[in-house]
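S.K.: Mind having a look at this structure? Questions to follow.
The values are calculated or read from the model by the stated rules, or taken from the named source; none is laboratory data. Being a predicted model, the structure only gives us computed values, none of them experimental. Counting neighbours? That spans all protein chains shown, and the Cβs are built from the backbone with ideal geometry, glycine included.
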Amino acid sequence: MDCLFCAIVAGDIPSRQVYADAAAVAFLDINPWKRGHTLVIPRRHVDDLLAADEALTEIAAAINATARLLVDRLGADGVNLLSSAGAVAGQEVFHLHVHLVPRYADDPGLRAVTDRVAGIDLDEVAAALAGAGSSGGAGR
Ligand code: 5GP
Ligand code: ZN
């Protein structure tokens with residue numbers, strides 16, 4: 001199967017990984033909405049949250065740990081959690097992923113969640129998050 005996120009799990013395509021456990025991997029989104037925008041995905045291929053009843057449950061611990069990491073390490077004041085199922089919902093990569101979007105006091109509100117902020121240095125963010133359940137590494 002030709003799946004971008006399966007290739008990231010396999011290490012065939014590099015990513016800035018911030019957390020990993022037996023079931024899930026979390027890595028920085030390559031085109032972040034906010035500083036620290038992270039994708040949490042199951043290691044196994046599942047198209048979306050409608051495709052397998054247990055898939056979201058399997059990555060729940062990773063979602064919690066990564067959200068905590070974003071708050072503790074980046075000083076986020078809050079977090080949005082979003083997962084799109086189906087092209088009509090805006091899904092572009094068809095391997096289940098949960099967007100974890102750190103939110104900061106100077107850029108509040110649900111409507112602003114996908115408004116990108118300029119000048120995010122992904123390597124700087126990865127360095128700030130390195131070392132906690134992480135295998136680190138530069139990449140996409
Ligand atoms: P969707 O629109 O499917 O919910 O989100 C897909 C996300 O994957 C987008 O936010 C996009 O920026 C991110 N993305 C696409 N290709 C890559 C990639 O090669 N590496 C990383 N780290 N993120 C990617
Ligand atoms: Zn996949």
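S.K.: How many of the residues in segment 33-59 are part of a helix (DSSP H, G or I) and either of a type in the set (S, T, N, Q) or over 17 Å from HIS95 (Cβ atoms) (or both)? Let's see the steps before the verdict.
M.R.: Kept after step one, since they are part of a helix (DSSP H, G or I), are these residues of segment 33-59: 55-58.
The next check asks that each one be either of a type in the set (S, T, N, Q) or over 17 Å from HIS95 (Cβ atoms) (or both); those that pass are 57.
The number of residues fulfilling the criteria is 1.
S.K.: Here is a follow-up. Looking at segment 1-32, which of its residues are more than 7 Å from ligand 1 (Cβ to nearest atom), assigned to a strand (DSSP E or B) and free of Cβ contacts under 8 Å to residues at least 60 places away in the same chain?
M.R.: ALA24, VAL25
S.K.: So if I check each of VAL9, VAL40, VAL46, which one is within 30 Å of PRO108 (Cα to Cα), of a type in the set (Val, Ile, Thr) and buried (at least 16 other Cβ atoms within 10 Å of the Cβ)? Steps first, please.
M.R.: Details: VAL9 fails: within 30 Å of PRO108 (Cα to Cα); VAL46 fails: within 30 Å of PRO108 (Cα to Cα).
Step by step, each of VAL9, VAL40, VAL46 is checked, and only VAL40 is within 30 Å of PRO108 (Cα to Cα), of a type in the set (Val, Ile, Thr) and buried (at least 16 other Cβ atoms within 10 Å of the Cβ).
S.K.: Quick one: what pairs do we get from segment 86-114, first residue farther than 18 Å from ALA76 by Cβ, second assigned to a helix (DSSP H, G or I) and of a type outside the set (Phe, Trp, Tyr), C-beta under 6 Å, 6+ apart or different chains?
M.R.: Close Cβ pairs (under 6 Å, with a partner that is assigned to a helix (DSSP H, G or I) and of a type outside the set (Phe, Trp, Tyr)) amount to VAL93/LEU4; LEU96/ALA55.
S.K.: Which one of the conditions (1) within 13 Å of ligand 2 (Cβ to nearest atom); (2) over 20 Å from ARG116 (Cβ atoms) does LEU39 fail to meet, given that it meets all the rest?
M.R.: Going through (1) within 13 Å of ligand 2 (Cβ to nearest atom); (2) over 20 Å from ARG116 (Cβ atoms) one by one, LEU39 breaks only (2).
S.K.: Restricting the search to segment 74-110, which residues are in contact with a Ser or Thr (Cβ under 6 Å, 6 or more places away or on another chain) and part of a loop (DSSP other than H, G, I, E, B)?
M.R.: Residues of segment 74-110 in contact with a Ser or Thr (Cβ under 6 Å, 6 or more places away or on another chain): 90-91, 98, 100.
Hits for segment 74-110 are GLY90, GLN91.
S.K.: Given (1) away from ligand 2 (no atom under 14 Å from the Cβ); (2) touching a helix residue (DSSP H, G or I) at 6+ places or on another chain (Cβ under 6 Å), identify the lone condition not met by ALA87.
M.R.: So the condition that ALA87 fails would be (2).
S.K.: Test each condition in (1) out of contact with any helix residue (DSSP H, G or I) (no Cβ under 6 Å at 6 or more places or on another chain); (2) of a type in the set (Gly, Ala, Ser); (3) closer than 26 Å to ALA60 by Cβ; (4) modelled with pLDDT of 95 or more for ALA105 and report the one that comes out false.
M.R.: Single failed check for ALA105: (3).
Table: residues versus (1) modelled with pLDDT under 95; (2) of a type in the set (S, T, N, Q); (3) in contact with an Asp or Glu (Cβ under 8 Å, 6 or more places away or on another chain).
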residue	(1), (2), (3)
ASN31	no, yes, no
HIS37	no, no, yes
ASP53	yes, no, no
ALA65	no, no, yes
ARG68	no, no, no
